[in-house]
Amino acid sequence: MGLCCDIDASILKNFFRFPSFICSYLKRMKVLIIETDDALFRKVEKYLRVEGHWSDYLSTPALAAAALGIFSYDAIIYNVADMDSEAQKLLQFLRHSSYGPRTILTVESGEFTGEIRQRCEGILILKKPYSLRELYLSLQAITGTGYRQQDEVITCNELIVDVPGRTVTVKDNRIDLTRKEFDLLCYLMSNRSKVISKNALANYLANAEHTIVSGFGFLYAHMKNLKRKLKVAGCTDYIQTVYGIGYRFEAQ
């Protein structure tokens, strides 16, 4: 599905600092941020830059439509300020393109109407106010960068995870994990000592199947099974529950 825009896209050529092939070579995300609040963009851009990623900033859906006709991105953060005709066109394009699973929509809680819900089906939505950490973890979830595939081995005392081989050993004994249990463990270990929200973890798991998160039941089930298997194998209980928020992998 194409995206038509009346704006002369040539005016954007000098706006974008980092070509996608450079970001890909350096294994960094290139994110398009569509936001009317310049101060908020600067906060998000600074946070992503500290984490080693680059951002482009546009203030209107029309400009974003023009940019998407020229440049490619790993992810899009779109603040839905108004549901005008340009916003509807952009949402329709995102929803039916490869960008759909790699888009985060941010909305005010009071503005999350049935119309927006219907137009945004299949796209991750964050309600304001949100923390920058939650936004970043959501970006990791939709882009599959929760843990780095180039990390061959992740270790924590008796627990050893071979990422390419997708094997887990505890005290030299191999344990069998499902794919989602393995991904959960890698995600938590790669973000050790950091609290990861249930929302971020659920979206990370759901993104692999391109499904929509409707609750946390499946996350609780996978987490329960993962912790049980590690305990049976004699592993220290590194995965801590932060009640009301999420989980944290804490080396003891």
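No value in this document is a laboratory result; all are computed from the given coordinates. What you see is a predicted model, and the numbers here were worked out from it, not measured in a lab. Cβ atoms come from the backbone with ideal geometry, glycine included; neighbour counts cover every protein chain shown.
Simple spin-label estimate for residue 225 and residue 108 gives 4.3 nm between the two label positions (7 Å along the Cα-to-Cβ direction from each Cα). Rounded to the nearest 0.05, what FRET efficiency is calculated for residue 218 and residue 157 with R0 set to 25 Å and r the Cβ-Cβ distance? Rounded to the nearest 0.05, the efficiency is 0.30. Fully extending the segment from residue 40 to residue 178, taken as 0.36 nm per residue of separation minus the present Cα-Cα distance, adds 45.7 nm. When each of the peptides 87-93, 198-204, 233-239 is scored by the mean number of other C-beta atoms lying within 10 Å of its residues, the order from highest to lowest reads 198-204, 87-93, 233-239.
Here each label is just a point 7 Å from Cα along the line to Cβ, and for residue 85 and residue 98 those points are 3.1 nm apart. A simple rule links phi to the HN-Hα coupling: the Karplus curve 6.51 cos²θ - 1.76 cosθ + 1.60 with θ = phi - 60°, which for region 96-108 gives 9, 10, 5, 6, x, x, 10, 10, 10, 9, 10, 9, 6 Hz, with x for Gly and Pro.
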